[in-house]
Amino acid sequence: MIIEFIAVPGSGKTFFSDKLYTYLKKELKSKDVKLFNRHDINLIKNTKKPTTNKNLIRLNIIKQYLKVIDFYLLKSLWRLFVSSPYPFKTKTNLAMYLLDIFSNYRIINDLKKTYNNKCLFVLDEGLLHASSIGMDECNAASLDLFYKNLKSTKWNINKSLFIFIDCDIDTVYSRLSERTEDWPVNWRGLSSEEKREELDKSYRKFKAKKDYISQ
């Protein structure tokens with residue numbers, strides 16, 4: 001099973017997922033269940049490319065992404081670059097992020113096979129979080145299409161539990177503004193008004209996802 005946290009940037013999904021991971025690690029210590037979080041998955045990816053050569057690292061990353069590319073992902077990336085209103089650099093960052101999320105799920109599927117499905121994954125960012133990448137807005141219809149398309153791929157084989165962290169947007173905005181490095185990378189070059197607009201948009205997407213999953 002996958003436990004995925006859903007929240008807007010800066011509202012604590014990584015903090016709370018780490019807390020749950022630490023708690024479950026103690027509780028499941030004597031159980032025949034393997035526990036992983038996104039950090040563990042990233043460590044597995046890094047051990048598969050043990051080199052300090054930057055060009056080799058880039059090549060290994062490309063190979064890793066090629067392993068997860070399928071028709072659905074190609075369509076998603078095409079839609080991102082053709083339909084998204086974001087600048088090209090932002091689209092590129094979002095595309096790399098989307099590929100990274102699916103790369104994580106490839107490792108999740110490999111781990112499930114290795115441990116005969118006796119695995120639990122606690123993710124601060126997963127497929128539902130990535131479902132609205134490139135969308136200017138998010139609604140039930142777009143999420144329905146996302147899951148409908150996902151059903152025809154190799155990725156729709158995981159049972160999931162979603163934990164939604166609601167928040168006060170004014171509080172989150174103030175907290176992010178106090179520490180510039182906490183803003184998402186694609187937002188850091190924006191004006192204060194543009195950052196607030198992106199945060200409001202992110203919250204609307206969060207609410208749409210929560211309402212959709214709650215149906």
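As an exercise, use a Förster radius of 25 Å and the Cβ-Cβ distance of T22 and N116 to find the FRET efficiency, rounded to the nearest 0.05.
Calculated value: 0.50.
Would you please give the FRET efficiency between R188 and F71, computed as 1/(1 + (r/R0)^6) with r the Cβ-Cβ distance and R0 = 45 Å, to the nearest 0.05?
Values: r = 34 Å, r/R0 = 0.75.
The computed FRET efficiency comes out at 0.85.
In whole Hz, what ³J(HN,Hα) sequence does segment 200-215 give by Karplus (6.51, -1.76, 1.60; θ = phi - 60°), x for Gly and Pro?
Running phi through 6.51 cos²θ - 1.76 cosθ + 1.60 with θ = phi - 60° gives 4, 5, 4, 5, 5, 5, 4, 5, 4, 5, 4, 5, 5, 5, 6, 5 Hz.
With the full set of protein chains in place, find how many percent of the accessible area of segment 92-211 is carbon and sulfur; take the probe as 1.4 Å. Numbers along the way, then the final one.
Numbers: 3000 of 6070 Å².
Ligands and nucleic acids excluded, carbon and sulfur reach 49 percent.
Suppose the chain between I44 and E197 were pulled fully straight at 0.36 nm per residue; how much longer would it get relative to their current alpha carbon spacing? Display every interim value, and only then the final one.
Details: separation 153, 0.36 × 153 = 55.08 nm, distance 3.64 nm.
Extra length from I44 to E197 when fully extended: 51.4 nm.
If you plug each phi of segment 6-12 into the Karplus form 6.51 cos²θ - 1.76 cosθ + 1.60 with θ = phi - 60°, what whole-Hz ³J(HN,Hα) values come out, in order, with x for Gly and Pro?
10, 6, 6, x, x, 9, x
For segment 1-42, what are the per-bin percents of Cα-Cα distances with bins 5 Å wide, up to the bin holding the maximum?
5, 20, 29, 26, 13, 5, 2
Collect residues whose amide H, placed 1.01 Å from N in the peptide plane, falls under 5 Å from the amide H of C119; neighbours closer than 5 in sequence don't count.
K34
The values are calculated or read from the model by the stated rules, or taken from the named source; none is laboratory data. Model, not experiment: these values are computed from the prediction. Virtual Cβ from ideal backbone geometry, glycine too; neighbours counted across all protein chains shown. Ligands, DNA and RNA are stripped out before the accessible areas are found, and what is left, the full protein with its side chains, is counted by its heavy atoms. Shrake-Rupley method; radii C 1.70, N 1.55, O 1.52, S 1.80 Å.
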